[in-house]
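These notes concern the structure reproduced below.
We did not get these values from a lab; they are worked out from the coordinates using the rules stated. A quick note: this is a predicted structure, and the numbers were derived from the prediction, not measured. Methodologically, a virtual Cβ is constructed for each residue, glycine included, from the backbone with ideal geometry; neighbour enumeration extends over all protein chains shown.
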Amino acid sequence: MTLPITSIGLLDPDQVKSAIGAAVLAPSTHNTQPWRFRCTHAGLELHADPDRALPVADADRRELLLSCGAALFNLRTAIAALGAHPATTLFPRRDDPALLAVVRPFAARRPDGRLVQLADAIPRRHTNRTPFEADAIPASVVARLRHAAEVEQAWLPRLSGQQLEGLRELVHKGHHAQLADPAFLAEWQQWTGRAPDSRDGVPENAAGSMPSNNGGWVLRDFGSRDRGRPDDSEPLVVVIGSFDDTKADRLRAGQAMQRVLLTATAAGLDASFISQPVEVPPIRAELRRLLGGGLWPQIVLRLGRGTPVPWTPRRSLADVLMEPSPLGA
Ligand SMILES: Cc1cc2nc3c(=O)[nH]c(=O)nc-3n(C[C@H](O)[C@H](O)[C@H](O)COP(=O)(O)O)c2cc1C
């Protein structure tokens, strides 16, 4: 089968294919993979796929934009690793809100070394839901994570003990609000508990062994069959926030999230997501107040050192590539 992949700027079709192959390794809520790509002579386009939205867990499609932002960050990183500069425009066409970004691989005098360093981490990053060791993460690594968020115009605030305690409570509240919502549960069942070779949704083997205590942080149970020892988990929990909450801010926050995740992977850390408090709007508003009111919380991450987990499969490239536009744009 011939894929609709062409050369773009400096990149030949094989390089374009490998860059899209890296993009689809991004995380996405329930592994929905809500993205599509199109090759045009002007650049590589990233489109949202509205058919893969989650109307209950993500009614305003905020997390869809985070997921697509993560794919965009992988794309930029892979293009930089191929020796080109990924010149990126967000929402390039007012009349087409599903067209999220266009990336043009330009000649680079010197590729962005910091991006290139993260490319190796793309296939090594997996959501790791296993118990984490109790060792504290060194301050120098936390500083790198904070810097990774800032470079992408987001923010990873220092949380006081009181704020962490408040966040822990909001995670509980969000979790129980979702479990009490039949519409949430129906959507959840549609996308989880899949066979290990399912190309989308969360496979049952991704559940791993759940931490039994996890420092009091309640996690979603994807059907894990066993529990870790009590008190064996001591995750670092961080919030990534943006300064505003427009669609472009959310797409930037997704890039920041992925930059933080790849920086963590490169530093030998594992990570998973705690998105219950940002998926329930009134609880997200409470979290915003808890953070001082200046930031829009976009995602909560749990970081530490777990045990290896299997990779979660992706759809084939044929499924995510769009045919060239009839206008040849
Ligand atoms: C915005 C967002 C929210 C997510 N929320 C959760 C969550 O609350 N709990 C969880 O275990 N995984 C969560 N995930 C992780 C996805 O389930 C995971 O990315 C997907 O199954 C693909 O697996 P991978 O990350 O190992 O490649 C989230 C991912 C994204 C991008």
### Query
Roughly what angle does helix 247-266 make with the longest principal axis of the chain, taking Cα atoms, 0 to 90 degrees, to the nearest 10?
70
### Query
In nm, to one decimal, how far is the D60 label point from the R94 one, both placed 7 Å along Cα→Cβ?
2.3
### Summary
Taking Lys and Arg as +1 and Asp and Glu as -1, residues besides P308 with C-beta under 14 Å from its C-beta add up to +2
### Task
In square nanometres and to one decimal, what's the mean projected area of the convex hull around the Cα atoms of the chain?
16.3
### Message
Compute the distance from the alpha-carbon center of segment 13-87 to that of segment 194-217, in whole Å.
### Response
23
### Query
L295: net charge of surrounding residues, Cβ under 11 Å, Lys/Arg +1, Asp/Glu -1, itself excluded?
-1
### Task
Taking only the C-alpha atoms, wrap a convex hull around segment 139-304 and report its volume per residue in Å³ as a whole number.
132
### Query
What number, rounded to the nearest 500 deg cm²/dmol, is the helix-based mean residue ellipticity at 222 nm of the chain, given -39500 (n - 2.57) per DSSP H run of at least four residues and division by all its residues?
-11000 deg cm²/dmol
### Query
How large is the charge dipole for the chain, taken about the Cα centre, if only the Cβ atoms of Lys, Arg (+1) and Asp, Glu (-1) carry charge, to the nearest 20 debye?
620
### Listed residue (L179, L219, A285) projecting farthest to the positive dipole end of segment 139-304, Cβ model
A285
### Task
Calculate the dipole size of segment 139-304 relative to its Cα centre from +1 charges on Lys and Arg beta carbons and -1 charges on Asp and Glu beta carbons; express the result in debye to the nearest 20.
300
### Query
³J(HN,Hα) across segment 58-63 via Karplus (A = 6.51, B = -1.76, C = 1.60, θ = phi - 60°), whole Hz, x for Gly/Pro?
9, 4, 9, 6, 5, 6
### Query
Tell me, what is the Rg over Rh of segment 13-125, with Rh the Kirkwood radius over Cα pairs?
0.97
#### Entry: Net length gained if the chain between Q189 and S7 were fully extended (0.36 nm per residue, minus Cα distance)
61.5 nm
## Note on the structure
Ranking A108, P13, P27 by how far each Cα lies towards the positive end of the charge dipole of segment 13-125 (+1 on Lys and Arg Cβ, -1 on Asp and Glu Cβ), the top one is A108
